[in-house]
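Laboratory data are not the source of any read-out in this text; all were calculated from the coordinates shown. For clarity, every value in this text was computed on a predicted model and none was experimentally measured. Note: ideal-geometry Cβ built from the backbone for every residue, glycine included; neighbour counts use all protein chains shown.
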Ligand code: CO
């Protein structure tokens with residue numbers, strides 16, 4: 001006879017098998033599936049999602065949780081139970097009607113957005129978006145009501161879905177310091193950028209680029225016996241133990257962006273591949289939160305791949321693979337990759353300006369969900385903040401302003417901060433690695449990255465969700481997430497041009 005806790009383990013492992021099936025159906029949909037398959041695929045995924053939801057919210061599960069809670073459990077299992085409860089609570093606290101209404105309003109708004117964005121049609125967008133915001137506020141209130149002791153504002157209840165454990169007050173505090181220091185740093189960058197920047201534009205055949213990107217993944221420790229590289233419209237990473245799927249995208253006219261995207265997604269896959277095998281299929285064995293997930297991808301992209309010494313090493317591979325790149329030195333490639341220009345578009349933003357795009361979104365979505373701001377006022381406040389933080393105006397240009405992102409269209413409020421908390425975590429973790437390995441430039445210059453992977457595996461990957469994010473950060477780096485290491489990194493790279 002299994003006891004209640006053991007029953008729960010079995011139950012969650014079964015749920016993980018449904019998730020496995022959905023993961024690969026979704027991957028196929030984004031990477032391989034011809035358009036004709038979309039209807040049947042949507043039906044199959046919806047069926048599995050409904051089955052998953054039904055099993056996760058079954059009354060029996062609530063009873064087992066109550067029983068397991070009374071059981072004497074060791075700390076490992078107690079923690080595991082806590083994470084099961086978190087997943088379960090998130091599912092049971094919303095009514096089926098709300099979930100359905102949200103999904104319908106989100107699809108409608110997202111579909112409309114695809115043309116409304118192109119046509120700079122804020123009015124049209126607003127027609128659908130009001131409903132999305134109303135439902136997101138309702139969702140936030142319901143989630144908060146389920147755990148009033150954890151969430152001080154409605155927005156915190158949505159933020160927790162992505163930045164689990166890092167609340168809005170903590171994030172505001174960290175962002176305030178960034179907001180204070182970044183503009184000044186940004187002002188000083190232009191004088192330090194090299195004058196004659198090598199123009200890397202050329203013709204780079206896609207097959208050769210693909211081979212080069214696979215080489216990069218191998219250099220970064222990716223195991224092709226346990227994963228694949230494919231191509232998709234937007235690079236992403238997914239998969240399951242032993243089968244990590246990442247995608248990238250190629251342009252014939254350049255090669256740097258694809259390499260950066262590949263390094264980024266390889267970092268996401270590395271985190272997943274290092275999660276603890278002994279709690280496979282259980283909530284406690286999953287990645288802690290998106291702030292840490294994004295920190296691993298950004299560490300691989302910005303600190304490993306983009307470091308001067310690694311690029312010097314990898315430039316040899318680039319020249320071998322791409323004949324039209326033979327004239328470029330490591331320094332040429334590095335300088336082109338580390339160029340700063342403030343712009344209107346978040347996804348095109350460089351490392352220095354990116355956080356300002358995120359802070360602006362964080363402030364707006366927080367006020368929106370907490371009902372301190374109405375949807376109709378977004379374009380104006382967006383423009384005000386763009387002027388204040390980046391010195392650029394989006395007045396009359398919502399296409400490149402508040403209509404540019406997909407996140408809000410389906411109600412994914414609370415996602416944006418993970419990009420910048422991730423960047424801060426990455427810099428802070430890499431600073432700790434540099435302290436432990438003072439010869440890191442020589443190592444990276446030889447293409448050696450195993451010391452970084454081993455360190456991350458021990459300090460971050462193997463922890464799964466067995467600790468809170470800030471406990472992981474404190475144990476690994478000595479401090480909770482803060483802006484200092486990130487600002488030092490920007491200073492070293494963009495003012496001292498050191499690495
Ligand atoms: Co990412």
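Please arrange 348, 9 by how many other C-beta atoms lie within 10 Å of their C-beta, fewest to most.
Final ranking by Cβ density, sparse to dense: 348, 9.
Which of the peptides 48-59, 261-272, 466-477 is most tightly packed, and how do the rest follow, judged by the mean count of other Cβ atoms within 10 Å per residue?
Highest-to-lowest ranking by the protection proxy: 261-272, 466-477, 48-59.
Using Cβ contacts closer than 10 Å as the measure, can you line up 85, 76 from fewest to most?
With the sparsest Cβ surroundings first, the list reads 76, 85.
Work out how much length residue 126 to residue 400 would gain on full extension: take 0.36 nm times their residue separation and subtract the Cα-Cα distance, in nm to one decimal.
Residue separation times 0.36 nm, minus the Cα-Cα distance, leaves 97.0 nm.
Out of all DSSP beta bridges with both ends in the chain, state the antiparallel percent to the nearest 5.
Around 50 percent antiparallel, to the nearest 5.
Between residue 241 and residue 40, what length in nm is gained on full extension when 0.36 nm per residue of separation is reduced by their alpha carbon distance?
Roughly 69.7 nm would be gained on extension.
Considering Cα pairs under 8 angstrom that are at least six residues apart, work out the relative contact order of the chain and quote it in whole percent.
It comes to 20 percent, rounded to a whole number.
Arrange the following residues from fewest to most other Cβ atoms within 10 Å of their Cβ: 381, 311.
Ranked by crowding around the Cβ, least crowded first: 381, 311.
Against the longest alpha carbon principal axis of the chain, how many degrees, from 0 to 90 and to the nearest 10, is the axis of helix 450-459 turned?
Compared with the principal axis, the helix lies near 30 degrees.
Label points 7 Å out from Cα along the Cβ direction at residue 86 and residue 211: separation in nm?
The two pseudo-label positions are separated by 4.5 nm.
By how many degrees, between 0 and 90 and to the nearest 10, does the Cα long axis of helix 38-56 differ from the longest principal axis of the chain?
50 degrees
Distance from the Cα centre of region 405-439 to that of region 454-499, in angstrom?
9 Å
For helix 256-273, report the angle its Cα long axis makes with the longest principal axis of the Cα atoms of the chain; keep it between 0 and 90° and round to the nearest 10°.
40 degrees
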